[in-house]
Amino acid sequence: MASEAKKTDKKTPKGPDPQEILAGFQALRTEQRSLSSKLSELEVDQNEHKMVIETLKNVNEERKCFRLIGGVLAERKVKDVLPILITNFEKLKEVIEKLNEQITKKGQEINEYREKFNIRFRGLDNLKGEEAVNAQSGECSSRGNVLVS
């Protein structure tokens, strides 16, 4: 009985099983998607800030305007709001740059993970193989930018 316990305690270092590998890969892709969605939100905010700044630059500084702060509409003057909008615009630009870097790093991490565990996509790798064969044989693909399923 003691020898059976020793046999079950010893584990061969095979590495993670395919389900764990797939779960890790999907987690990386989910992180990248969430970063991308956050990036698109911030880009929309940045475009809104830019549009408001361009509009307020041509307005009298003493004119009153309204600013939404935490769900409350506050009355301010253009000269008070414009500098705040400009600093927020610059901060958004910095955050967008950092998010772009994070997305790039996450993409590299995903590619390294794919190479490490030899992950291939069904259909995608077959298409790459067909394109390589067509390129070698001199055939011209007429598909262009068409998605064929």
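Miscellaneous remarks
- Förster-model FRET efficiency, 25 Å R0, Glu94 and Leu68, C-beta, rounded to 0.05: 0.65
- For the range 64-72, putting each phi into the Karplus relation 6.51 cos²θ - 1.76 cosθ + 1.60 with θ = phi - 60° gives couplings of 7, 9, 10, 10, 8, 10, x, x, 10 Hz, in residue order, rounded to whole numbers and with x for Gly and Pro.
- Label-to-label distance for Glu43 and Ile84 is 2.8 nm, based on points extended 7 Å past Cα in the beta-carbon direction.
- Nonlocal amide H pairs with Ile119, under 5 Å, H built at 1.01 Å: none
- Hypothetical label at Asn60: residues of the range 72-93 whose amide nitrogen lies under 13 Å (7 Å Cα-Cβ projection): 78-79
- Taken along the Cα-to-beta-carbon direction at a fixed 7 Å, the label points for Ile110 and Ala23 span 2.1 nm.
- The range 74-82 - phi-based ³J(HN,Hα) in whole Hz, Karplus 6.51/-1.76/1.60, Gly and Pro as x: 10, 8, 9, 9, 4, 5, 8, 7, 4
- Where labels lie 7 Å past Cα in the beta-carbon direction, separation of Phe117 and Glu75 in nm: 6.0 nm
- Proximity of backbone amide H atoms, modeled 1.01 Å from N, is registered between Lys77 and Cys65 at under 5 Å, excluding neighbours fewer than 5 places apart on the same chain.
- Among the listed pairs Lys38/Lys106; Lys38/Lys93; Lys57/Lys79; Lys64/Lys93; Lys50/Lys106, those beyond 19 Å (Cα-Cα): Lys64/Lys93; Lys50/Lys106
- Solvent accessible area, Å² - Lys98, 1.4 Å probe, full protein context: 130 Å²
The values are calculated or read from the model by the stated rules, or taken from the named source; none is laboratory data. Predicted, not measured: the structure shown is a model, and the values here were computed from it. Backbone-built Cβ (ideal geometry, glycine too); neighbour counts: all protein chains shown. When the accessible area is computed, the model is the full protein with side chains, heavy atoms only, and any ligands, DNA or RNA have been set aside. Shrake-Rupley method; radii C 1.70, N 1.55, O 1.52, S 1.80 Å.
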